[in-house]
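Inspection log for the structure reproduced underneath, given as structure tokens.
The values are calculated or read from the model by the stated rules, or taken from the named source; none is laboratory data. Computed from a predicted model, the values in this text were never measured in an experiment. Every residue, glycine among them, receives a Cβ derived from its backbone with ideal geometry; neighbour counts consider all protein chains shown. Note: accessible area is taken over every heavy atom of the protein model, side chains too, but ligands, DNA and RNA are not part of it. Shrake-Rupley method; radii C 1.70, N 1.55, O 1.52, S 1.80 Å.
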Amino acid sequence: MDAERPFWNPEMETLPADRMRSLQEGRLLARLPLAWAGSSLLRREWKAAGVHPGDIRSLEDFRRAVPTVHKEMVRQVRDDDGDPYGGMSLLPADLPCDVHTSSGTTGAPTFLPITERDRSIFAESLARHLWAAGLRPGGVASLSLALYLRPVWSMADAARRIGARVTFTDWPDLPRVVQTFRFLKPDVHAFLSPPQAIGLRGEIARLGLDPKELLGGTKGFVWAGDALTPKSRRLVDEEWGSEAFELSGTGDLCFMMQECGHHDGLHMHDDLWFVEVVEPGTTTPVGEGERGEFLFTSLMDESLAFIRWRSEDIGTATTEPCACGRTNTRLHFLGRVGYRVRVAGRTVFPVEVQRVLELWPEVDHGLFQIVRTGPDMETLHLRVGTREGEIADPRGLLPRIEASLEEALRLPTRIELVDAETLLALGPPHKIPRIHEAG
């Protein structure tokens, strides 16, 4: 294996657009009859829309006619029919497989089967990510992943496929994470989440260690769980002396995209996933570079019927080749559909708030929520997590932070301090729900 080659899979990561489109179309058309036959939810929705797989003969037909599905549909079928997979599974009930769950950040977790074949396909995708972050044969991959996530074992398989050793840690177990870096000296750590980054910085300071000496030998920290803001990137790149690579996807499907070393968007793997960008809540496509909701279709998944799946993520896409040489679609994330709020007639995403808060060392940890009291609020109300003693003079500091938010976002703002542990307890260990629904 040539460890100097820039791509794990040079053919698929640099395939010309016309050949990729042909490959996508062929895989998609082969998959639709299987989805129709196996998924009760898709079959119900397609019948209601007057669509049959035989009607779809091209990507244009697919975009025009096939209805979308989303997580609430899955939950409703599960609750109504008792089907744990919500009408999405394509597998016989007695077929051996692993069953994972989604993260449950925006609602009750959904159950997600995966076969050995699909685990292998995901490993191919994730090997491209780990290779881009610097993992090579003979290296060490440190994986800090929850066992319930569907791609967790595939990422370990991906590291082994490259020829690396694999070590596991839990997100909150910071002493074990530090020991991993002291003695195993991993080449890549996946994934670093906002709470873990905050905790790791504090643990290193508590132990009196030099962060660059401890972490600088790591080639890449794969960041996931929330947006990678400029402050977080500087923490990894400058304070730790490594390099941050943002990774994303959906907890239901897989980690489907990640930055390369040019950090100009997240690379999809178009041979495995088909992405569309549409006006939120519709199937109307937006122009290249325009904001829209991402719809994902898995082209190879034999376990679940992810066909035009509403990701609830908002962002932009470009098909222009990257400076790194990859030709696959690149995405830029802005936030989740459900995380948009309207304040004084303007739409605001949590990442816009975070970019201002992280300018203040006392609240740069990203532990905050937007309090939503209605569809269009007069004031941006934030709950910001803090620990005892972190803010010496809150009465003096908070008005200045509020003023900086008002200037940057052009919105009246009010901050409420809450215990940090209260926020951390609301979601999975790697992130917190960004919206607090006030009654």
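Observations, loosely collected:
- Residues of the stretch 99-124 classified as modelled with pLDDT of 95 or more and among the small types (Gly, Ala, Ser), total: 2
- The selection criterion, being more than 23 Å from Leu147 (Cβ to Cβ) and either surrounded by fewer than 20 Cβ atoms within 10 Å (Cβ to Cβ) or not basic (Lys, Arg) (or both), does not hold for Asp173.
- Checking each residue in the stretch 268-286 for being farther than 13 Å from Ala317 by Cα and among the aliphatic types (A, V, I, L, M) picks out only Leu272.
- Scanning the stretch 375-408 for residues that are modelled with pLDDT of 90 or more, open to solvent by less than 70 Å² (accessible area, probe 1.4 Å) and assigned to a loop (DSSP other than H, G, I, E, B) returns a single hit, Thr379.
- Among residues of the stretch 12-24 that are under 14 Å from Leu272 (Cβ atoms), those with a beta-carbon under 6 Å from a residue that is open to solvent by less than 80 Å² (accessible area, probe 1.4 Å) and assigned to a loop (DSSP other than H, G, I, E, B) at least six positions away or on a different chain give the pairs Met12/Asp271; Glu13/Phe7; Glu13/Arg326; Met20/Asp270; Leu23/Asp271.
- Inter-residue pairs, beta-carbon under 6 Å, first among the hydrophobic types (A, V, I, L, M, F, W, C) and in the stretch 173-193, second surrounded by fewer than 20 Cβ atoms within 10 Å (Cβ to Cβ), 6+ apart: Leu174/Gly199; Leu174/Glu203; Val178/Glu203; Phe181/Leu214; Leu184/Val140; Leu184/Thr167; Val188/Gly134
- For Asp187, the test of being acidic (Asp, Glu) and open to solvent by 40 Å² or more (accessible area, probe 1.4 Å) is failed.
- Helices (runs of 4 or more DSSP H) lying entirely in the stretch 19-125 (those with 1 or more residues that are open to solvent by less than 50 Å² (accessible area, probe 1.4 Å) and touching an Asp or Glu at 6+ places or on another chain (Cβ under 8 Å)): 59-65, 71-81
- Any hit, the stretch 144-154, residues being under 25 Å from Val363 (Cα atoms) and open to solvent by 60 Å² or more (accessible area, probe 1.4 Å): no
- Residues of the stretch 329-360 satisfying the condition of being in a strand (DSSP E or B), over 16 Å from the mean Cα position of the chain (by Cα) and surrounded by fewer than 17 Cβ atoms within 10 Å (Cβ to Cβ): Arg342, Arg346, Thr347
- Only one of Asp170, Asp157 that is in contact (Cβ under 8 Å) with a residue 60 or more places away in the chain and farther than 19 Å from Trp240 by Cβ: Asp170
- Tally of residues being over 11 Å from the mean Cα position of the chain (by Cα) and of a type in the set (Ser, Thr, Tyr) across the stretch 208-253: 4
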